[in-house]
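Read-outs throughout are calculated quantities, based only on the coordinates presented, and are distinct from any laboratory measurement. Please read all numbers here as calculations on a predicted model, not as lab measurements. In this analysis, Cβ positions are derived from the backbone assuming ideal geometry, glycine residues included, and neighbour counts consider all displayed protein chains.
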Amino acid sequence: MPEKSVGTRTVALVGPGGAGKTSLAEALLFASGGMDRQGSVDNGSSVGDASPEARSRGGSTELNLMHFEFLGDRFAVLDCPGSVGFSADGALALAAADIALVVVDPEPDRAILAEPALRQLEALGIPHAIFVNKIDQARGSIHDLLEALQPMSASPLIARQLPIRAKDSGGEKVTGFVDLALERAFHYRPGKSSERTEIPADLAEREAADRFHMLEQLADHDDKLLEQLLMDETPDLPTVLADLVRETRENLGVPVLFGSALNGFGVRRLLKALRHEAPDPAAAAERLGAENGCAFVFKISHGGAMGRLALARVFGGTLSEGDELRNPSGDPIRIGTLFAVQGEKTTKLGKADTGDVVAIAKAEEVGAGEWLSAGKSPPSPDVERPASNYVLAITTRDRKDDVRLSTALHKLVEEDSSLHWDQDEALHETRLRGVSDEHLRTTIARLKRRYGVAVDSKEPTIGYKESIRKGVTQRGRHKKQSGGHGQFGDVIIEVKPLGRGEGFQFDERIHGGSVPRQYIPAVEQGVRDAMQKGPLGFPVVDVAVTLIDGSYHSVDSSELAFRTAGRIAMSEALEAASPHLLEPVHRITVTAPGTATSRVTSAISSRRGQMLGMGPREGWSRWDRIEALMPESELQGLDAELRSLSQGLATYEAEFDHLAELNGKLADEVVQRELEPA
């Protein structure tokens, strides 16, 4: 048997939304004695998902932290959101875990939903197991489920249990299991430990075959066990258990267990597996390159009564209030008060030991993904986060809240790495960018609840531009006399179209001083003034302007007069130069399961997308990577449509590629909207 663990071990719960991760966390707390009754997400009594946003949604909107003890061993739980819109909140925390449980639905046709989590764990090198939840509702075969899951895992899936089905339910309802390692059968009892029973006679042959298959999988990495199997010898139980521990800890195999979190079925067996097979914190420290006496900050939290807290995991030694460590920049950080976190509740700690997950107060100079260390900081883990494609333009309902909005958004962005905001000066909009519409709706609700800032939101303004098709020569004259010095400026300019993306060029060919040199910059500024809003109502791009002639008055000419003359000339030139509309086009890359590819390509075409190419997604079997060009105006809502076409799995990334000419009815509609009075 493995030696007793040293330090708190951290278990991450990952998997698709709706699989029951938070319910499993509640079941682990209850079964271990960490709480006297099991909380429920449905009735709002859960330790996790306690925020109003999570309660309203009926699912996780942020990372949940919990902890418990079981038979003398300490565990921390990281309940990571399953919905892609909120998944970034747990990405860094996951990298610091010792082991992960991938919680899945028992139906084989939903198995594909677990693939992103399995691929992420493999990329990070984190040992993991699969927990098939809701087994009491299973109608499909566990064997079929494993067959569907296996292509998603580089390591073999090792079934550790065989379901026992009740005969009085037509052989459908799972009422217990056979532990293939122990060769013992157990009958489920709601909210209690399973009751040991005899292996049903009709399962004896199946149990023997499944156990032998499990041993064959273990023998792939144990020559002694392989020899025993070839000699038809029965391996002893300590050898089998030790191999199961090694397979899990070294990522050589992925154990599969099942149960029901809501009823407590299989949860105590899962706790025992975690106790024996979860690696010690030293393994995670080695994987992350951590040294003794350091802490990895995986999230910043502003939501509680304690103000700003740095959520971190301690590696090596102990951490106490008043200790001094350094951030990656070398700045000294004095550790503030330490707290243990249980859902939304915090408890003050005297010190934090190896492996502990804690909240650190007053660590102002450290951010998420950074280390607090006595020496050189290890590198930040390279974690994949979802693209932040969904954008809303927001305005405060009360203008007095504008300053508070900036402060509040800063805190929300620091807390959520997939959230971004900026001020678009050209379009005069405050833009909030997130992963999905649901993500931003939750953020806006949190903005009002926490900081009292109510905002209105709308789709962002599309960055249309306009240009010209032909060259023209145009005179612009500004003459005004109203007593005393007048105003006089007179210019002639040539305006020509440039190639797409060439921007703006200004030159002059003045001879004989028809326009004095000191006024030429003012002419250019006047031209730029006119380009801010062309005849179609949008900024003008890709034009070349040359000042070729003009005249001046020795008394009445001035910079202002020539700037005005330049603006007049350019405005009239643009009207005469066949202006046309340009729309921004983005290059998008969509990744989707192959079963959804044809629907995704149809959706792209329906949004005026131009296909560029398609091929397999590297390292992901049965997934495709699709590249296309799509107008920016068609991107809004694309994320939600892709999710609906792919069981929530398809994602995309987009970046600006070029401006393209827009003509016909669509162009007329855009111009009409722009020219209509507000």
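For the listed residue pairs LYS21/LYS345; LYS299/LYS362; LYS376/LYS411; LYS465/LYS533, the alpha carbons are over 21 angstrom apart in LYS376/LYS411. Of the GluC sites (Glu not before Pro) in segment 1-72, the ones in a loop by DSSP (not H, G, I, E or B) with at most 11 other beta carbons within 10 Å are GLU3.
When both bridge partners sit in the chain, DSSP labels roughly 80% of those beta bridges antiparallel. Within the set of other residues whose C-beta is less than 11 Å from the C-beta of PHE298, count the net charge using Lys and Arg as +1 and Asp and Glu as -1. Local net charge: 0. With neighbours defined as other Cβ atoms within 10 Å of a residue's Cβ, the residues HIS410, HIS276 order from fewest to most as HIS410, HIS276. Going from the fewest other Cβ atoms within 10 Å to the most, the residues ASP398, ASP42, ASP416, ASP353 appear in the order ASP42, ASP398, ASP353, ASP416.
Rounded to whole numbers, the Karplus 3J(HN,Hα) couplings from phi for segment 508-525 are 9, 10, 7, 10, x, x, 4, 10, x, 4, 5, 9, 4, x, 5, 4, 4, 5 Hz, using 6.51 cos²θ - 1.76 cosθ + 1.60 with θ = phi - 60°, and x at Gly and Pro.
Towards the positive end of the charge dipole of the chain, with charges on Cβ (+1 Lys, Arg; -1 Asp, Glu), say which of PHE488, PRO200, ALA76 has the farthest Cα. Positive-most Cα among the choices belongs to PHE488.
Based on the Cβ-Cβ distance of GLN137 and ARG475, what FRET efficiency does E = 1/(1 + (r/R0)^6) give at R0 = 51 Å, to the nearest 0.05? So the FRET efficiency works out to roughly 0.05.
Restricting the trypsin sites (Lys or Arg not before Pro) of segment 29-126 to loop positions (DSSP other than H, G, I, E, B) with no more than 13 neighbouring Cβ atoms within 10 Å leaves ARG37. Quick one, which of (i) 34.2, 123; (ii) 24.9, 79; (iii) 32.4, 116 is the actual Rg and Dmax of the Cα atoms in Å calculated for this model? Comparing each candidate, only (iii) matches the computed number. Taking every alpha-carbon pair within segment 292-373, the share separated by more than 15 Å comes to 48 percent. Exposure proxy ranking for MET630, MET66, based on other Cβ atoms within 10 angstrom of each Cβ and starting from the fewest, stands as MET630, MET66.
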